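Each remark here refers to the structure printed beneath this line.
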Protein chains: 6
Amino acid sequence: MRILIVNVNTTEAITEAIAEQARSVAAPGTEIIGLTPWFGAESVEGNFESYLAAIAVMDRVLAYEGPYDAVIQAGYGEHGREGLQELLDVPVVDITDAAASTAMYLGHAYSVVTTLDRTVPLIEDRLKLSGLYDRCASVRASGLAVLELEADPRRAVEAIVEQAERAVREDKAEVICLGCGGMAGLDEQIRQRTGVPVVDGVSAAVTIAESLVRLGLSTSKVRTYATPRAKQVVGWPMRLGR
Amino acid sequence: MRILIVNVNTTEAITEAIAEQARSVAAPGTEIIGLTPWFGAESVEGNFESYLAAIAVMDRVLAYEGPYDAVIQAGYGEHGREGLQELLDVPVVDITDAAASTAMYLGHAYSVVTTLDRTVPLIEDRLKLSGLYDRCASVRASGLAVLELEADPRRAVEAIVEQAERAVREDKAEVICLGCGGMAGLDEQIRQRTGVPVVDGVSAAVTIAESLVRLGLSTSKVRTYATPRAKQVVGWPMRLGR
Amino acid sequence: MRILIVNVNTTEAITEAIAEQARSVAAPGTEIIGLTPWFGAESVEGNFESYLAAIAVMDRVLAYEGPYDAVIQAGYGEHGREGLQELLDVPVVDITDAAASTAMYLGHAYSVVTTLDRTVPLIEDRLKLSGLYDRCASVRASGLAVLELEADPRRAVEAIVEQAERAVREDKAEVICLGCGGMAGLDEQIRQRTGVPVVDGVSAAVTIAESLVRLGLSTSKVRTYATPRAKQVVGWPMRLGR
Amino acid sequence: MRILIVNVNTTEAITEAIAEQARSVAAPGTEIIGLTPWFGAESVEGNFESYLAAIAVMDRVLAYEGPYDAVIQAGYGEHGREGLQELLDVPVVDITDAAASTAMYLGHAYSVVTTLDRTVPLIEDRLKLSGLYDRCASVRASGLAVLELEADPRRAVEAIVEQAERAVREDKAEVICLGCGGMAGLDEQIRQRTGVPVVDGVSAAVTIAESLVRLGLSTSKVRTYATPRAKQVVGWPMRLGR
Amino acid sequence: MRILIVNVNTTEAITEAIAEQARSVAAPGTEIIGLTPWFGAESVEGNFESYLAAIAVMDRVLAYEGPYDAVIQAGYGEHGREGLQELLDVPVVDITDAAASTAMYLGHAYSVVTTLDRTVPLIEDRLKLSGLYDRCASVRASGLAVLELEADPRRAVEAIVEQAERAVREDKAEVICLGCGGMAGLDEQIRQRTGVPVVDGVSAAVTIAESLVRLGLSTSKVRTYATPRAKQVVGWPMRLGR
Amino acid sequence: MRILIVNVNTTEAITEAIAEQARSVAAPGTEIIGLTPWFGAESVEGNFESYLAAIAVMDRVLAYEGPYDAVIQAGYGEHGREGLQELLDVPVVDITDAAASTAMYLGHAYSVVTTLDRTVPLIEDRLKLSGLYDRCASVRASGLAVLELEADPRRAVEAIVEQAERAVREDKAEVICLGCGGMAGLDEQIRQRTGVPVVDGVSAAVTIAESLVRLGLSTSKVRTYATPRAKQVVGWPMRLGR
């Protein structure tokens, strides 16, 4: 089976890291295709950038020509998943949801550790909309921007571990979710330091996408995610920056 | 004071109707400028179209050159308001929120009557995110598409009245919100038929925007709606379809 | 248009301060009439005093002889608004609701800073009943009684600023609501000190009342706020202390 | 021990019926004193009347000269209980709460059957404030006014049974609470007709008040229900209509 | 009337202490029978032990041969109450619920102080299922195991008082519930130290059970707690360890 | 990898059907071992039977001698999962949770169709405890008992389809979860009849268990699901009915 995993920002190095992480957990026979949006921000850390990413992700996926079986949106707390679900017939999995729904099998409450404080409300709101917020103990910010994670992984681990430890001690989290696509690969180090299970959303999303495909399940089309009605749409597809 | 009121679809006639409605309630000295997005769908009835509208609205507002004091996003239950709040320093008012917060001064519970059933979950989710859902008795769909409202107002009134009456009788709504920018102007007829106050979101939004300006209040920039950080953004501004 | 703004306590100086604040934001052509209850407590800081105020406010408003277009109840977190809504045909706006619904246009979460700790649960409960609590980050008490605010405004500002800063830093509030009618006029100082928008409930209520009147909207009479049924009522109107 | 049970309306016959019901379940050694407010409405069916009753009940209780061990407020869904709690050192029990907390020991969900539809939101709101609403399946109105219950008990039973049956069948209630002080005594008939336990709030309140006294428990005075601060209060006590 | 009070662990000394506490508050004419499960853990501090206790309690109660009028399950936050309700026709009262519903008559919010931190989520979840969690300010752990309470009551009081004081000061609790059957009897000391009412669940449960019996109320059998259907059940009754 | 799938009732035929269903979706290399409890009820349809099953399932799993990688509890809405999580180091997946968390990837809201009405509250409560209830549109009962499903699959399909269709039409469900281990295998027929995705909990649980094992994730042991403390436990293990 072939799974498209779409980064939400335009930084190729992050797409590669995400795809690499996805491949490391994929089942035999699963092909992972990493896609980078053709336009948008080099990192997504707020609503404007996230809305832009929503459209750029849809645009990029629709431009992919080969067949595929599922799509993973690899941004944490970003807008757009519902749009992809309308446009596609294959299952769509957001890594925010994937991490949360996986964490809920592992402990009574989970926390998310993300990058900048300004993205915390986005993540909380996305989890609420997905119906996965009830067992969320907290969303905590490490204070490091997405691109800083890339540039200095050692410092990133320190900052994330500190917030993870506070989440366990103060917020009573029993599981930590890594709240950024760019954190893929840090889970093992953080698990050793905190003693609780650490869920990487990209990895979780790969197994969920594979599972849905294997079970022959895909998005319901009877209401919320029905295919858009035929109508005049100006400026679409965009293919900006191609 | 000058208020920009931005339609979410590309249908000029709807923009004009919205702007006309806005002008009819604006205070003396308030100038209303109606804007139509340069790209997107001719009507917005689902997540894909709504995400596209979110970006097209931001793009159109940023392209407006004159000074202005506030912006109204005139789509019901649409994505994007938070992005505008990040990009602008002036107050941003969404008509979904405006209708709901106004309705809550008039009765113990309110219902929204909108167009197609598929848009009901979007409206419910937007109200939840805005923190205005607690007193929402129901969101009901008339079954008529946005453009059908324009084409056949008489039939529209009948369909909306029927749902409004059921909202009052079955869902115990005490106020009705008109859940579509294109419904502006139907409120008086529906009020006469149902006997409860009817809130038109466009009208409500005009008074709220004026009030915020008069009180010298605008979007808080300390966290969620802080100005986007300086970074490389490909393909922006878009100005597609111009 | 003429708006009655009713203080909840019997201290004339507070009525005057409130009315003055209201006049400072009222639109041209809006006449503000400040009313002081004829009986009740000199300051309202608890349930007994608040229930007494509820009745005293209704009594005072009904005794007002001239015509008027809207009524503002200028107590924070007090009982009684629903009773006024039953008795009157014009719109009724409570400053607790007005501050909260206005704050929600300005940030993702708001906090209220009020006087004594014992009034915090009243305010929380009133916001819950009004359906405006979801985005409330916290209600914090400055520890100063209502009359101390009047007596020593400088100390009041310090105490309120301290709690406002903690609300922003610890509770993640993005907007501050001034939780006491007697705080009217302190908003600008506090805004400068905290860097977030500060909403004064009296000012917000004036613009909301004006808006409702302009839009021709008033309380729904179909259920919760229907006019009381004709029946024998002993001891009403009260006109005590006149 | 002596328990004061205070009616919320001025109709002596209802006070007597309530006191009689209370005596029929009181433990040996418990003396029940029925009190009728000196002012207020002959029946309480809405917010204005309920706020007036709140004050009249406090006024009447404070005027009672002998010693007593607990007070029961015998109105369903009425305002005022928190004020009594501030003014008194003995336990205060509202029959709305008493019926609900008792019903929760008997089934997974309960419904309330009350008089007029306009009182339904008051009851729902009071249960929410008391933290007893989670297991409430519905509040249903029989459509009969309080005084009609007194005048025609047979018709009352029919109307209440019909709603109780619908609550069990449609709303999945497993217990019925009689939602009006004036319904005391109808419980046995309704139980026979519906097959589910029927809780009369007056009876439940007597046992709860007795229990609190026996356990030496009374209202906490550290915060919400602290004794009112010493201050000038005009027009209190009222003793109107005496 | 005869009330069975069933310990959840196999430690006879705790059963005796519980029964003694129950007797100290029982009404004249109420006979208290303390029962100890024939199998299970010597103390119950987690889900496995609690599930085992659930079955052991049901087994022990069914083995009791004499007539009885009500059953109290004397474990805090334990599983099983719903099973007893199905098997018995007499009222069943859990001390977790009894403490919470009693506390809600005494203050605006209550906290529970329990033994080990690992039992906190069980208590929270049981209160949520019982619909009594809304007014819960916090559940706090003293860090002492059940059997340590027995062994060193002085140290227990210190540890519990410390958490109770923090609950009042930090979490704004106005009432403290003793969250362990083994804490029965410590309430008076803790009340003196904290200044707020302290509710012992065993005592509260006795008065509630007595009240239900006196009112002729018992578990509704129409749905959730209907008698189990006749079917083949292997290994039941258990009578292990007898 | 080896996954134990444990039936909750003692009916071997159901265990076999469940294991067969599990094998049909298992990945190559996954061995499925079906286990039947040694004691308990022939079908589980209520709290008493479910509590008994909880203990019987733990007992049966602990008696299994070979190594294994994960455990699936194959009862819908049953008690006990948290106990297994304490006792085991490998991941534990309940089919109730598995169906719900999978359904949430497929539509905006899901409904569960189960057997008898009396089990509906158990399922709702289990979903609430698992934090997966927010997007649950309804839990509906077909009215057929567990063993009737086995005896007459055709009638079962009809009864389930009828409730599924009502869930989609009236409750706005976009996905249906089969709410009984014994329904495994009916999903395809029901999908064809209703037009929405149908999730079988057993199948979903297999893929989730496989995924957790593959990702190296298991139950957090820091708090709620920590291994039981060493203490005296009478009558355990039980091995009744062996």
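Please treat every number below as a calculation from the coordinates, not as lab data. Bear in mind that the values here come from a model prediction, so they are computed numbers and not experimental data. As a convention, Cβ positions derive from the backbone with ideal geometry for all residues, glycine included, and neighbour counts pool all protein chains shown.
Just a few scattered comments:
- Percentage of interatomic Cα-Cα distances in the range C:101-242 larger than 25 Å: 39
- For the range B:133-175, the alpha carbon convex hull comes to 72 Å³ per residue, rounded to a whole number.
- Taking a ≥ b ≥ c as the square roots of the eigenvalues of the alpha-carbon gyration tensor, the range B:74-125 is classed oblate because a/c is 1.5 or more while a/b is no larger than b/c.
- Overall form of the range C:48-94 per C-alpha gyration tensor (a/c, 1.5; a/b vs b/c): prolate
- Mean-position separation - Cα centroids, the range A:57-96 and the range C:168-201, in angstrom: 42
- Expressed as a fraction of 2.2 N^0.38 Å, the C-alpha radius of gyration for the protein assembly as shown is 0.90.
- Tail beyond 22 Å, pair distance distribution of the range C:131-211 (Cα, percent): 22
- Descending semi-axes in Å of the range B:15-111, equivalent ellipsoid built from Cα gyration tensor: 21, 19, 13
- Take every Cα pair under 8 Å whose residues are at least 6 apart in sequence, average their separation, divide by the length of chain C, and the relative contact order is 23 percent.
- Links that overshoot a 32 Å alpha carbon limit, given the list A:Lys221/B:Lys128; A:Lys172/B:Lys128; A:Lys128/B:Lys231; C:Lys128/C:Lys221; A:Lys221/F:Lys128; D:Lys231/E:Lys128: D:Lys231/E:Lys128
- For peptide D:167-174, the mean count of partner chain Cβ atoms within 10 Å of a residue's Cβ comes to 3.
- Volume of the Cα convex hull of the range F:74-164, divided per residue and given in Å³: 108
- Shape class of the range C:1-53 from the Cα gyration tensor (axes a ≥ b ≥ c, square roots of the eigenvalues): prolate, since a/c reaches 1.5 or more and a/b is larger than b/c.
- The charge dipole of chain D, taken about the Cα centre with unit charges on the Cβ atoms of Lys, Arg (+1) and Asp, Glu (-1), comes to about 620 debye, rounded to the nearest 20.
- Amide N of the range D:93-109 lying under 20 Å from the label point, which is placed 7 angstrom from the Cα of D:Arg2 along Cα→Cβ: D:93
- Shape summary of chain B, radius of gyration then Dmax from alpha carbon positions: 17.0, 54 Å.
- Per-residue extension of 0.36 nm, minus the Cα-Cα distance of F:Val234 and F:Glu170, leaves a gain of 18.0 nm for this segment.
- Rounded Å value of the spacing that divides the Cα centres of the range B:1-20 and the range A:1-41: 40
- Calculated FRET value between A:Arg155 and B:Ser24, using beta carbons and R₀ = 51 Å, to 0.05: 0.30
- By the equivalent-ellipsoid construction on the alpha carbon gyration tensor, the range C:181-242 comes out with semi-axes of 36, 20, 10 Å, ordered largest to smallest.
- The dipole here belongs to the protein assembly as shown: it is taken about the Cα centre, uses +1 on the Cβ of Lys and Arg and -1 on the Cβ of Asp and Glu, and is about 0 debye.
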